[in-house]
Amino acid sequence: MTAPARIDGVRITPVMAPLKGRVRLPGSKSITNRALLLAGLARGTSRLTGALKSDDTAHMATALRRMGVTVDEPDETSFVVTGSGRLAAPDGPLFLGNAGTATRFLTAAAALADGTVVLDGDAHMRRRPIAPLVEALGRLGIEASAPTGCPPVTVAGKGGFQGGRVMIDARLSSQYVSAVLMAGACAGSPVEVELAHAEIGAAGYIDLTLAAMRRFGARVEQLGNRPAWRIAPTGYAAADLFIEPDASAATYLWAAEALTGGSIDLGLPPGAFSQPDARAWALIEAFPRMPAVIEGSQMQDAIPTLAVLAAYNETPVRFIGVTGLRVKECDRIAALNLGLNAIRPGLSHEEGDELVVEGDPALAGQTRPCRIDTFADHRIAMSFALAGLKTAGIVIQDPDCVAKTYPAYWDALASLGVELTFGA
């Protein structure tokens, strides 16, 4: 029941019984894109299994191919990547859609190419900030420019860079730090990376980056108790890696289970995930008595799931520490607020960069005709589908946008017995 391309909307019919069954999650987007880049920078052939095949990872794989890396796809969850330890300059701009991880990671890696690299994206990507990363690269002697502070970015690659010490402002995104860390192992001398501010968006993703780097042979050490790291100029060696399932995707199924009193087997327990969004499990498990305040800075991609779930909570929930949601695929705070109020006026409101969801268990069983504008954001689409499990009349616009990270999302819901009407 995969949504056909360019379908206008999908209507979810509320379920009358607990959702039960088994769902195979896609591979982690975060780990897949890190592993693809590191395998592309390594010498030799790496085999990545359990990987995600989606729009985001397709953009990364295509960009690597255009930079001289061989990327084969023997089956639906594997990549076989063969690199020489060097990157070539592509024959034209790299188009990366709205793939933030690919754009940020490749911006730093482009310094290793022999020639100029232009990285661009769609209209949404062209509104996503990249200036802190460009400024950090400049402090390492890398010539990079982004006149608008967002893509397109032009990097004058010189086959490498010498290394040194750099401070990075990571308040908007930890991806700026991860990008420099991964490129750092290919520098001509050690690189030291330190945070310019204590605040950082989703620090747990830096741990994912460091683990992936070490898997491909990098030597990284933390400098004392500071948020600072020293990367030795080792380069990377080919490695085989099994990629764990995507924790962000798991949050939708955990929430569907909580909303319907169901039992959905995802193949591994919540505690087995290494990704930061798995922290959402404890909050979902507390439903319908979720905490009055949820600090979301370290699990930002799970906030849309939690916000929609909070609409059915017994008491109001305030989401704080979520400023970074303003600069995701869309302004997710505004999109969540708009969608929740479309379901029922007054269901939520913004207070600065915080979102307050009032909670209304009586919405379950009601009919609330509305169309949810997803702003082409996969997480807005997938999270508001949860509301359709309990409240009739909800139509999710642009359902095929889930292809960005979870192409089989609608199939997963259908396999659990959810009735979906495409073209609604």
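Filtered by the rule that a residue be touching a helix residue (DSSP H, G or I) at 6+ places or on another chain (Cβ under 6 Å), of a type outside the set (Phe, Trp, Tyr) and buried (at least 24 other Cβ atoms within 10 Å of the Cβ), segment 381-390 gives Ala381, Met382, Ser383, Leu386, Ala387. Does Leu137 satisfy being buried (at least 23 other Cβ atoms within 10 Å of the Cβ), under 27 Å from Asp169 (Cβ atoms) and within 22 Å of the chain's Cα centre (by Cα)? So Leu137 fails the test. Residues in segment 338-363 that are farther than 24 Å from Ile7 by Cα and either crowded, with 16+ Cβ neighbours inside 10 Å or not assigned by TED's automatic domain parsing to the domain that holds Val402 (or both): Arg344, Leu347, Ser348, Glu354, Leu355, Val356, Val357, Glu358, Gly359, Asp360, Leu363.
This table checks each residue for (1) out of contact with any Pro (no Cβ under 6 Å at 6 or more places or on another chain); (2) of a type in the set (Val, Ile, Thr); (3) at pLDDT below 95; (4) not assigned by TED's automatic domain parsing to the domain that holds Pro90.
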{"position": "Asp122", "(1), (2), (3), (4)": "yes, no, no, no"}
{"position": "Val134", "(1), (2), (3), (4)": "yes, yes, no, no"}
{"position": "Arg139", "(1), (2), (3), (4)": "yes, no, no, no"}
{"position": "Ser145", "(1), (2), (3), (4)": "yes, no, no, no"}
{"position": "Val153", "(1), (2), (3), (4)": "yes, yes, no, no"}
{"position": "Ala156", "(1), (2), (3), (4)": "yes, no, no, no"}
{"position": "Gly160", "(1), (2), (3), (4)": "yes, no, no, no"}
{"position": "Val166", "(1), (2), (3), (4)": "yes, yes, no, no"}
{"position": "Ala170", "(1), (2), (3), (4)": "yes, no, yes, no"}
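Of all residues in segment 147-182, those satisfying the criterion of being in contact with a strand residue (DSSP E or B) (Cβ under 8 Å, 6 or more places away or on another chain), in a helix (DSSP H, G or I) and not β-branched (Val, Ile, Thr) are Tyr176, Leu181. Of the residues screened, Val193 is not one that is assigned by TED's automatic domain parsing to the domain that holds Lys53, in contact with a Lys or Arg (Cβ under 9 Å, 6 or more places away or on another chain), surrounded by fewer than 23 Cβ atoms within 10 Å (Cβ to Cβ) and outside any loop (DSSP other than H, G, I, E, B). Residues in segment 235-291 that are in a strand (DSSP E or B) and farther than 23 Å from Ser415 by Cβ: Ala237, Asp240, Leu241, Phe242.
The values are calculated or read from the model by the stated rules, or taken from the named source; none is laboratory data. What you see is a predicted model; the values in this text were computed from it and never measured. So basically every Cβ, Gly included, is an ideal-geometry build from the backbone, and we count neighbours across all protein chains shown.
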